[in-house]
Amino acid sequence: MSGTVTPADKALGITCRGLVYIYHLDGYDVVALSGVDIDIAAGESVALVGPSGSGKSTLVALTAGLLRPAAGRLHVGGHDLVKADDDELQRLRAGEIGMILQGSDRNLIPYLSAVDNIRFAQRGIRRRDRADLASPRELLALVGIDSEADANARISQLTLGQRQRLAVAVGIAGGAGLLLADEPTAQLDAEARDEVVQALLAVHAAGHTVVVVTHDPEVGAHMGRTVTIRGGRVGSEGRRGEDFLVMGAGGTVHLPPEVTARFPAGSLLRVAQDEDGVVRLWAADSGLETKDES
């Protein structure tokens, strides 16, 4: 390749403070996010993990400017997505923010070849800025689609894994400094999953911030950091194979499921801190004691 796909100074960070999103469904309000605080530095790779319905995909959709928050602050790079108008959000998605929706076919034009899918994604970039973009063949090589035959193949002629890797290339085709991927390895076998993970790692190494929503711990383990979303809030973070609870606003903490399973909802709990900094948590009406070190 002639150079990096995305210069390091174009990578975008994310800052969320008190982020709230409410769905209106069948006459009811459903709180999908209830005060998310998170910082993702420019150039990081992060996996958002957690149970279905916890708000992971909603958080990514807000970060892509596809949804607007009900409350809170959300900055991507130097852009305030709460205050941005529709035209600014559209320009961001065309260039600075890349988004991969769940299911590769939702990201690709089926009657075009692989290389023409990338060319089409680059059409939204202003003509004077296109010279700074990586070529379609460079982007295909980055995600492991190297052969002439595959580059010129139509989508139906590619395997599911190749389609998803192509979706990764399309996601950064406009020079995005941030790539958001919602379940990019869903419905793939282990071999294809690993190939997509390698494509995401290559994109990260080329200078992009990468944020992945996943249920697969194997995918999360390859990212630099994992953030667990539970009940619409950040519950914990994982770094170098170790999980940490995250202290929320007002001192709120989401305990891990193996701890909450021991205490029914409404339980009265005692909390005490020892001199050595160990925090002890136990039910007020029993002698059982669970230790949580902080």
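The values are calculated or read from the model by the stated rules, or taken from the named source; none is laboratory data. It should be emphasised that the depicted structure is a prediction, and the values quoted were computed from it without experimental measurement. Glycine also receives a Cβ, built like all others from the backbone with ideal geometry; neighbour counts cover every protein chain displayed. Heavy atoms of the whole protein, side chains included, go into the accessibility calculation; ligands, DNA and RNA do not. Shrake-Rupley method; radii C 1.70, N 1.55, O 1.52, S 1.80 Å.
Below are the figures for this structure:
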item	result
Every pair of residues 6+ apart whose Cβ atoms lie under 6 Å, when the first sits in segment 267-278 and is surrounded by 10 or more Cβ atoms within 10 Å (Cβ to Cβ) while the second is part of a loop (DSSP other than H, G, I, E, B)	R270/A284
In segment 114-132, residue nearest to A176 (Cα to Cα) [restricted to those that are surrounded by 19 or more Cβ atoms within 10 Å (Cβ to Cβ) and not hydrophobic (A, V, I, L, M, F, W, C)]	Q122
Qualifying residue in segment 59-76 (condition: open to solvent by 30 Å² or more (accessible area, probe 1.4 Å), within 22 Å of A169 (Cα to Cα) and touching a residue at least 40 places away in the same chain (Cβ under 8 Å))	no
Residues that are open to solvent by less than 40 Å² (accessible area, probe 1.4 Å) and more than 28 Å from L92 (Cα to Cα), drawn from segment 133-173	A153, L158
Residue in segment 82-92 that is within 16 Å of D37 (Cα to Cα) and crowded, with 20+ Cβ neighbours inside 10 Å present	no
Strands (runs of 3 or more DSSP E) wholly inside segment 13-114 that include at least 3 residues being of a type in the set (D, E)	28-40
Close pairs (8 angstrom Cβ cut-off, 6 or more residues apart or separate chains): within 22 Å of D194 (Cβ to Cβ) in segment 150-164, β-branched (V, I, T) and part of a helix (DSSP H, G or I) anywhere	A151/V115; G161/V196; R163/I155; Q164/V196
Single residue of E195, E183 found to be of a type in the set (D, E, K, R), open to solvent by 10 Å² or more (accessible area, probe 1.4 Å) and farther than 16 Å from G103 by Cβ	E195
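Residues checked against (1) touching a His at 6+ places or on another chain (Cβ under 9 Å); (2) modelled with pLDDT under 95; (3) open to solvent by 60 Å² or more (accessible area, probe 1.4 Å); (4) over 30 Å from G95 (Cβ atoms):
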residue	(1), (2), (3), (4)
V210	yes, no, no, no
G220	no, yes, no, no
R230	yes, yes, no, yes
G238	no, yes, no, yes
G241	no, yes, yes, yes
M247	no, yes, yes, yes
L255	no, yes, no, yes
T260	yes, yes, yes, yes
